[in-house]
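A short worksheet on the structure shown next.
The values are calculated or read from the model by the stated rules, or taken from the named source; none is laboratory data. In this text the structure is predicted, and so the values were computed from the model without any measurement. Virtual Cβ from ideal backbone geometry, glycine too; neighbours counted across all protein chains shown.
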Amino acid sequence: MPVASFEDIRARIGDDIGVSDWIVVDQARITAFADATEDHQFIHVNPEMAAKTPFGGTIAHGFLTLSLLSRMAAGVMLAPPTMKMAVNYGFEKVRFLAPVRAGKRVRGHFKLLGFDEKRPGQWQFAHEVTVEIEGEDKPALIAEWIGMIFT
């Protein structure tokens with residue numbers, strides 16, 4: 001995470017703070033996620049059957065795409081120099097707007113919505129995240145993500 005002072009982070013509220021690197025969502029990743037979650041619906045793991053659907057092939061689980069936010073955030077979210085750890089707190093909203101087809105690349109666009117001290121040494125932050133699918137007009141998802149930073 002890029003390091004920034006508390007003042008610098010607060011000054012960026014309302015700003016786009018960065019775009020993550022691309023992440024490949026290939027069939028191996030989709031299948032591994034299906035195994036981990038025990039969600040083996042054919043549209044995710046059976047290329048032959050999925051080819052007969054309007055998707056034209058397998059697609060990633062929406063929750064797989066959502067789970068990649070942590071990786072996307074690692075190089076984008078601003079962190080104070082005294083941060084000891086960061087944890088997920090939840091989401092205000094999540095909308096899955098377009099399927100991520102196997103083999104596509106995705107990346108996250110982050111906008112800082114808020115950064116508030118809730119208790120001494122405990123900071124709540126919120127980001128609007130839009131996950132772009134390479135070469136497509138419609139994003140995979142839009143979410144308002146809330147986390148906590150402990151200093």
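Quickly run through the range 6-40 and pick out the residues that are in a helix (DSSP H, G or I), closer than 18 Å to Ala140 by Cα and polar (S, T, N, Q).
Within the range 6-40, just Gln27 meets the criteria.
What pairs come out if I take residues in the range 9-21 that are surrounded by fewer than 16 Cβ atoms within 10 Å (Cβ to Cβ) and pair them with residues that are of a type in the set (Phe, Trp, Tyr) and part of a strand (DSSP E or B) whose C-beta lies under 8 Å away, six or more apart or interchain?
Arg10/Phe115; Ile13/Phe115; Asp16/Phe110; Val19/Phe110
Results for (1) part of a loop (DSSP other than H, G, I, E, B); (2) modelled with pLDDT under 95; (3) hydrophobic (A, V, I, L, M, F, W, C), shown as yes or no for each residue.
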position: Ala98; (1), (2), (3): yes, no, yes
position: Arg105; (1), (2), (3): no, no, no
position: Phe110; (1), (2), (3): no, no, yes
position: Glu128; (1), (2), (3): no, no, no
position: Val131; (1), (2), (3): no, no, yes
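Filter the range 41-55 down to residues that are in a helix (DSSP H, G or I), under 17 Å from Lys104 (Cα atoms) and of a type in the set (A, V, I, L, M), then give me how many there are.
3
In this structure, is Thr65 polar (S, T, N, Q), surrounded by 17 or more Cβ atoms within 10 Å (Cβ to Cβ) and under 16 Å from the mean Cα position of the chain (by Cα)?
Yes.
Has the range 87-99 got at least one residue that is buried (at least 19 other Cβ atoms within 10 Å of the Cβ), over 16 Å from Pro139 (Cβ atoms) and hydrophobic (A, V, I, L, M, F, W, C)?
no
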